[in-house]
1. Has region 184-197 got at least one residue that is surrounded by 13 or more Cβ atoms within 10 Å (Cβ to Cβ) and at pLDDT 95 or above?
2. Which one of these is within 28 Å of the chain's Cα centre (by Cα) and free of Cβ contacts under 8 Å to residues at least 24 places away in the same chain: 543, 489?
3. Can you tell me how many residues within region 97-131 are more than 18 Å from residue 37 (Cα to Cα), in contact with a Ser or Thr (Cβ under 8 Å, 6 or more places away or on another chain) and not in a helix (DSSP H, G or I)?
4. Just to verify a result, which residue in region 355-408, among those that are of a type in the set (Asp, Glu) and in contact (Cβ under 8 Å) with a residue 60 or more places away in the chain, is surrounded by the fewest Cβ atoms within 10 Å (Cβ to Cβ)?
5. Considering only region 82-92, how many residues are in a helix (DSSP H, G or I) and either assigned by TED's automatic domain parsing to the domain that holds residue 446 or surrounded by fewer than 24 Cβ atoms within 10 Å (Cβ to Cβ) (or both)?
6. Considering 269, 274, which residue is surrounded by 19 or more Cβ atoms within 10 Å (Cβ to Cβ), in contact with a Leu (Cβ under 9 Å, 6 or more places away or on another chain) and of a type in the set (S, T, N, Q)?
7. Does residue 155 satisfy being in a helix (DSSP H, G or I), under 18 Å from residue 105 (Cα atoms) and either outside the structural domain of residue 249 (by TED's automatic domain parsing) or modelled with pLDDT of 95 or more (or both)?
8. List the number of the failed condition for residue 457; all other conditions in (1) buried (at least 19 other Cβ atoms within 10 Å of the Cβ); (2) within 24 Å of the chain's Cα centre (by Cα); (3) not hydrophobic (A, V, I, L, M, F, W, C) hold.
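The values are calculated or read from the model by the stated rules, or taken from the named source; none is laboratory data. Note that the coordinates shown come from a computational prediction; the quantities given were computed from them, not determined experimentally. Cβ atoms come from the backbone with ideal geometry, glycine included; neighbour counts cover every protein chain shown.
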Amino acid sequence: MTGSAKKAEVLHSGSQTLIGALQRNGVKQVFGYPGGAIMPLYDALVGSDLEHYLCRHEQGAALAADAYGRITRKAGVCIATSGPGATNLVTGIANAFMDSVPMVIITGQVPTALQGTDAFQEVDIFGITLPIVKHSYILRDVADVDGVVDEAFQLAQGGRPGPVLIDFPKDIATAVTAQSRYVPEADYQAPILDVVAVQAATDMLSKARRPLIIAGGGIAISDSIRSFREFAARTGFPVAATLKGLGVLPTDDPGLVGMLGMHGNGAANHAVQNCDVLMVVGARFDDRVTGHLAQFAPSARVIHLDIDPAEISKLRKADISIIGELGPALDGIRLRGAASASWRAQCDAWKKEFAWRYDAPGDGIYAPGLLRELSLARKGKMTITCDVGQHQMFVAQHCHFEHPLDHISSGGLGTMGYGLPAAIGAKIARPDSTVVCVSGDGSIMMNIQELATLKRYGLSVKIVLLDNSALGLVRQWQEIFFQGNYSEVDLSDNPDFAAVAAAFGIASRTINRPAEVSGAIQWLLDQQGPALLHVPIDPLENVWPLVPPGAANHKMMKSK
């Protein structure tokens, strides 16, 4: 064959290569917002098999990708341009980092030759996000694109998941190459299970008189739900859940004593304060869980199971640590006997003593009762996404969850504005589920522009908007701890939220009386497309119980 007859070498731009690498890594949907420096990537997106969802703010794109990653356990992908596009992603990146969510972030960047010159829309997003990513890259050579993308997905999804940033300069996006030279590191390898530690945990738990398990979000992240449920069933140990651990056991499971912590159930908080062995599975002793750390589980020896060695003894010293995949570790602990009947009876007594009540006085709608009825009205799968505030705690306390995927909430960062974009990501990731966003009048205004995203793509997300005309949780703290000195919490000039939804072309309704609740819930769930139920509630209603700052968990403040 003559040289002229040789097959022509196929050249691809950096953008075409990146799109191909995303598809090779199993990506089907991405969330983003175009702009100048990222425009070559959007040019290559046309005609690809990727389904792009145009959110109306980059933060919305990042938070939608976050929820998508939580549900699929595969990295959610978000894309933005340089400068303000990249900085608008930062809150979503931090949210994913705090809650160990796999995510790959692609940001446009000014051309390599202009970096460091304060060029138009140039920011050092690599440096800005260093504390809130698992890893980050600045692409310097088009031949590296394939390998960098592969490695980014391995890192985002392996071990303790997290966000990985790829900064993509415009000249690299437009450069062409016929080869890829970057070889990614080997796939993540889980730590080898320490059988000595497993045996030590078995011995300690076998001798425990008052054992308690704390179930954290790591159980769902590692897809260890089956192993955990089998372990809880065969041991009979009572289980308390963190906010992110809700749904690991169904809400009505007899072994579940409830959510513990600042706004936890009294049964869970009393159980943790009285246990003698505390087995913590995939949780990190967050301050909202422990209260006063020195007084947390004061008589308990601690067994801590986690994939991340950095969490072991970071806050509470572990007597026994098991570092590795949770499923094999739980399967390896085989006890002699089960939990004592007297301890189970005590936990059951606390559950009865501190059971939630729904006979609230007054003529207005009682939010906890409405949310409980909503979650029990499910027909098939229901995923509830939350914003942050009083309504978030009401959801955690009163909704019924069969599975962790039923409850998507911003835990570590506490991001207001999370609920609506998260509902978008959740519906795309879990299309066969009824997706309900529960928001407050403060939170909904943070990303209300994403109503346009719901309408554009016909996403059948249901919104329950609890409107107390205030920043409720801040107002509650100002009432209790700042002598009622209310500062910048009044939202009584809110718009007519039902009218706002209607302006976006979304079905909406407002209710004001308890007698309307059941019919309104049915109306909401029966809507074929997106819909919003606006529910004004008592501005003075508080979330109870409350563990005050600096107090032990059992010293809960209760409603008057």
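1. So far as region 184-197 goes, yes, one or more of its residues are surrounded by 13 or more Cβ atoms within 10 Å (Cβ to Cβ) and at pLDDT 95 or above.
2. On the way: 543 fails: free of Cβ contacts under 8 Å to residues at least 24 places away in the same chain.
Within the list 543, 489, the selection yields 489.
3. Number satisfying all stated conditions: 2.
4. 363
5. The qualifying residues number 4.
6. Details: 274 fails: surrounded by 19 or more Cβ atoms within 10 Å (Cβ to Cβ).
Going through 269, 274 in turn, just one is surrounded by 19 or more Cβ atoms within 10 Å (Cβ to Cβ), in contact with a Leu (Cβ under 9 Å, 6 or more places away or on another chain) and of a type in the set (S, T, N, Q): 269.
7. Details: in a helix (DSSP H, G or I): yes; under 18 Å from residue 105 (Cα atoms): yes; either outside the structural domain of residue 249 (by TED's automatic domain parsing) or modelled with pLDDT of 95 or more (or both): yes.
In short, yes.
8. For residue 457, the exception is condition (1).
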